[in-house]
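The values are calculated or read from the model by the stated rules, or taken from the named source; none is laboratory data. Keep in mind that this is a model prediction, so the values were computed, not measured. Here the Cβ positions follow ideal geometry from the backbone for every residue, glycine too, while neighbour counts run over all protein chains shown. Remember, those area values only see protein heavy atoms, side chains included, never the ligands or the DNA or RNA. Shrake-Rupley method; radii C 1.70, N 1.55, O 1.52, S 1.80 Å.
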Amino acid sequence: MLDKPVVNQAAFKLSMRHLAGAVSVITVGEGDERTGFTATSVSSLSADVPSVIVSVNRSSSSWPAVDKYRRFCVNVLAADQQHVAQAFAGFDGRRGAERYEGAQWYELATGTPALANALTVLDCELETVLNHHSHAILIGRVRAIETREDVEPLLYWRGGYRRLSIETSAVI
């Protein structure tokens with residue numbers, strides 16, 4: 001096993017910006033302990049037992065709430081919800097429950113907050129945590145799903161938010 005990275009971190013981060021991804025806000029906690037984070041590192045894991053994978057930096061202010069509550073919600077953002085992504089990314093200094101300001105929320109069956117009018121909402125129970133270097137890989141069993149078919153997704157690519165265009169949404 002190598003002790004030193006074989007590639008430069010900056011080069012790796014730049015290369016990962018070439019991966020277009022759906023933008024999600026991961027919500028966790030209750031009441032004044034609500035918090036969350038913006039993520040593009042969300043992926044389906046299994047349909048047999050519906051589950052997803054989410055990555056979170058363990059130095060994130062959201063990590064203790066994930067560890068405590070053992071449930072979270074994946075809110076896949078619609079194209080008009082960039083302001084929610086920015087609030088949960090903390091760029092404006094908002095932390096914790098302040099990140100929920102400026103959007104409408106409701107409570108899911110597990111007690112986790114969900115974003116009204118999200119493209120899709122996945123209510124998850126934390127099944128497994130895999131620690132890998134600075135991050136935790138969360139495996140969440142999906143307990144409930146809500147979707148909207150009439151909206152486009154918010155995407156993140158090359159360091160910026162994007163929307164699908166008519167040309168890119170054509171089926172090949």
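Just a few scattered comments:
- For segment 10-19, backbone phi angles converted through the Karplus equation (6.51, -1.76, 1.60; θ = phi - 60°) give residue-by-residue couplings of 4, 5, 5, 4, 4, 5, 5, 5, 7, 8 Hz, Gly and Pro being listed as x.
- Projecting the Cα atoms of Gln9, Gly140, Ala97 onto the dipole axis of segment 1-148, where Lys and Arg carry +1 and Asp and Glu carry -1 at the beta carbon, places Gln9 farthest toward the positive end.
- For segment 1-153, averaging the sequence separation of C-alpha pairs within contact (under 8 Å, six or more residues apart) and dividing by the residue count gives a relative contact order of 26 percent.
- Cut-off 19 Å (backbone N to label point 7 Å along Cα→Cβ of Ala47), residues of segment 131-153: 140-149
- Across the options Gly160, Thr120, Ser24, the greatest Cα extent toward the positive end of the charge dipole of the chain (unit charges at beta carbon of Lys, Arg, Asp, Glu) belongs to Gly160.
- Nonpolar atom fraction for segment 16-172, defined as the carbon and sulfur part of the 1.4 Å probe accessible area, stands at 50 percent.
- On the principal axes of its alpha-carbon atoms, segment 99-150 has extents of 37, 24, 23 Å, going from largest to smallest.
- In the full protein context, segment 46-86 carries 42 Å² of accessible surface per residue, based on a 1.4 Å probe and ignoring ligands, DNA and RNA.
- Phi-derived couplings, Karplus 6.51 cos²θ - 1.76 cosθ + 1.60 at θ = phi - 60°, listed residue by residue for segment 140-147: x, 7, 6, 9, 7, 9, 9, 9 Hz, with x used for Gly and Pro.
- Residue-span extension gain [Ala11 to Asp80] - 0.36 nm each, minus C-alpha spacing: 21.8 nm
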